[in-house]
Amino acid sequence: MTRQARHIDAALSVVFAPLDDGARAGLVERRLTDAIVSGVLRDGERLPSEATMARQLGVALVTAREALEAVRERGLVQTRRGREGGSYVTCDAAAADQWARRRLRDSSRIELRDIALHVSAILGMAAEVATDRATGDDIDVLMSIHETADLSTAGSARRAVGWFQLELAAVSQSPRLVREEMRLQSEAAPLLWMCLREHEHRVRSAASREDVLAALRRGAPQAARAAVASFVQGCLDWLVVERMRLVELDTAREEAS
């Protein structure tokens, strides 16, 4: 399997990883919407059938069907008939941006800080353990992900961040860390990595990967953890400022109307 194929498989495995028992359609809808808005599921990409999606997510067929219908009503998915029939992502950039901003605006500072704390703890531990367990081949794979990362768009930068972090968790050789990383990528990353829409932060994400790689080569676990924590903190700082800006804009509109 090529590295590119592994990249695609890793991203999709996050989106369609099993949910907790008894998951409702709203959770499935949110995961699909997050994946589309963040660019993991790309415009024009064909989704699994309802039956396949239900099996992958570990939910009832009716749950998957209700969730897909809700995402379709948002205008993010279109279902076609015929030989090439199926459900396809139809991501309108303006609609996706509006949805992401609304989600950020509706999140409290406490919620944002809690998300960042959790993500930093998991990713930091994965980086620290990976430093002790990484082989030369492992570092070569991580370096390849870094060197081939596309920073031209928020979606491509987001995929590079997700792929690198998932591989880093895998290098730690901890199945629990890998599973937790997959869960965080589907639930927290679409919000936390919103700053990647700005080129400055896409460049910063690349610099963070370079710092982690340097720590792996030196065998410096604390440096690897610190590099991850610094990147997450920068993302949180951006979210707090952006949320305040959005709230102020909404307040100004209400006062003007």
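The values are calculated or read from the model by the stated rules, or taken from the named source; none is laboratory data. Here the structure is a predicted model, which is why all the values come from computation and not from measurement. Note that we place each Cβ from the backbone using ideal geometry, even for glycine, and neighbour counts take in every protein chain shown.
State whether one or more residues within the range 44-55 are out of contact with any strand residue (DSSP E or B) (no Cβ under 8 Å at 6 or more places or on another chain), touching a residue at least 12 places away in the same chain (Cβ under 8 Å) and closer than 30 Å to Leu177 by Cβ.
yes
Does any residue in the range 79-101 that is modelled with pLDDT of 75 or more and surrounded by 11 or more Cβ atoms within 10 Å (Cβ to Cβ) come within less than 9 Å, Cβ to Cβ, of a residue that is hydrophobic (A, V, I, L, M, F, W, C) and in a strand (DSSP E or B) six or more places away or on a different chain, and which pairs are these?
As it stands, the answer is Ser87/Val77; Tyr88/Val77; Val89/Val77; Thr90/Val77, since those pairs meet every condition given.
Of the residues Val119, Val129, Val141, only one is outside the structural domain of Gly75 (by TED's automatic domain parsing), β-branched (Val, Ile, Thr), crowded, with 22+ Cβ neighbours inside 10 Å and at pLDDT 90 or above; which?
Residue meeting the stated conditions: Val119.
I'd like the residue in the range 180-208 that is closer than 15 Å to Ile145 by Cβ and modelled with pLDDT under 95 and, out of all such residues, is surrounded by the most Cβ atoms within 10 Å (Cβ to Cβ).
Checking each candidate, the answer is Gln185.
Is it true that Arg158 is in contact with a helix residue (DSSP H, G or I) (Cβ under 8 Å, 6 or more places away or on another chain), basic (Lys, Arg) and surrounded by fewer than 19 Cβ atoms within 10 Å (Cβ to Cβ)?
no
I'd like the full set of residues that are surrounded by 20 or more Cβ atoms within 10 Å (Cβ to Cβ) and either more than 16 Å from Asp132 (Cβ to Cβ) or not assigned by TED's automatic domain parsing to the domain that holds Asp140 (or both), limited to the range 209-219.
Selection gives Arg209 alone.
Taking the residues in the range 40-99 that are among the polar types (S, T, N, Q) and assigned to a loop (DSSP other than H, G, I, E, B) as candidates, determine which candidate is nearest to the chain's Cα centre (by Cα).
Looking at residues that are among the polar types (S, T, N, Q) and assigned to a loop (DSSP other than H, G, I, E, B), I get Thr90.
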